[in-house]
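A.B. asks: Pasting a structure here, questions to come.
The values are calculated or read from the model by the stated rules, or taken from the named source; none is laboratory data. Fair warning: this is a prediction, and the values are worked out from it, not measured in the lab. Methodologically, a virtual Cβ is constructed for each residue, glycine included, from the backbone with ideal geometry; neighbour enumeration extends over all protein chains shown. Please note that ligands, DNA and RNA were not included when accessible areas were found on the heavy atoms of the full protein model with its side chains. Shrake-Rupley method; radii C 1.70, N 1.55, O 1.52, S 1.80 Å.
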Amino acid sequence: TQQEPTGNQYVKKGYRHYDMTIGGNTFDVYVLHMDAGEATNSREGQWRQLAAAINGAVQSRPKLIIGDTNSRWTREDIKANFMDLLNSNLTASDAWVEFCRDGVYPTTDMGDLTNQDDPTNYSNYEVVDKIIYINPTAANTLQLVPQSFRIEQDYTYGTVDGTNDTKPLGDHRP
């Protein structure tokens with residue numbers, strides 16, 4: 001008997017890299033889907049792998065990292081395994097931290113920030129989907145500047161596996 005796939009299995013694990021050009025400006029986009037479950041060491045290794053890839057990419061272009069990291073700032077040491085490993089000519093920021101936590105990054109010595117009593121108050125509601133933007137520090141380079149942050153409250157549905165059945169396209173809200 002074939003088991004029904006879960007939302008966590010719809011997209012393969014790892015990351016994909018794309019060069020995006022909008023209005024004549026090119027930037028890098030990394031789309032992630034990291035290991036799930038109790039695989040903390042594996043996710044931290046995936047963060048290090050991503051940092052190495054970014055350090056080896058064109059340094060004069062901004063980078064957008066989006067996707068299901070299956071990571072939380074309070075659980076995986078994202079700072080040590082990613083942010084601290086980036087080249088010094090790059091600055092990285094998490095949109096959730098910037099907009100919802102006044103730029104104060106949670107740390108692994110805190111408890112999980114998963115209080116969903118008010119799903120529109122994101123300051124104590126960290127999700128594993130991340131939007132991280134990286135800008136070059138060189139003068140006169142294109143910069144990514146986020147304008148807002150919100151967690152979608154309605155799931156996106158679509159057909160899966162060539163059937164006419166509609167199902168959630170992921171296992172949590174984007």
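A.B. asks: Leaving ligands and nucleic acids out of the surface, order 110, 83 by accessible area at 1.4 Å, largest first.
C.D. replies: Sorted by accessible area, descending: 110, 83.
A.B. asks: In square angstrom, what is the accessible area per residue of region 83-133 with a 1.4 angstrom probe?
C.D. replies: Details: 2640 Å² over 51 residues.
Ligands and nucleic acids excluded, the figure is 52 Å² per residue.
A.B. asks: Quick one: compute the contact order of region 83-130, relative version, from alpha carbon pairs under 8 angstrom and 6+ residues apart, as a percent.
C.D. replies: Details: 26 pairs, mean separation 15.5, N = 48.
It rounds to 32 percent for region 83-130.
A.B. asks: Taking the square root of 5 times each eigenvalue of the Cα gyration tensor, what semi-axes in Å does the equivalent ellipsoid of region 66-116 have, largest first?
C.D. replies: Details: eigenvalues 74, 35, 24 Å².
The equivalent ellipsoid of region 66-116 has semi-axes of 19, 13, 11 Å.
A.B. asks: Another question, if that's okay. From the phi angles alone, apply the Karplus equation (6.51, -1.76, 1.60; θ = phi - 60°) to region 76-81 and give each ³J(HN,Hα) in whole Hz, x where the residue is Gly or Pro.
C.D. replies: Result, rounded to whole Hz: 9, 7, 5, 4, 5, 8.
A.B. asks: Using a Förster distance of 35 Å, how high is the FRET efficiency between residue 38 and residue 150, based on the Cβ-Cβ distance and rounded to 0.05?
C.D. replies: FRET efficiency, residue 38 to residue 150: 0.75.
A.B. asks: Stretch residue 112-residue 140 to full length: gain in nm at 0.36 nm per residue minus the Cα-Cα span?
C.D. replies: Details: separation 28, 0.36 × 28 = 10.08 nm, distance 3.89 nm.
Working it through step by step, the gained length comes to 6.2 nm.
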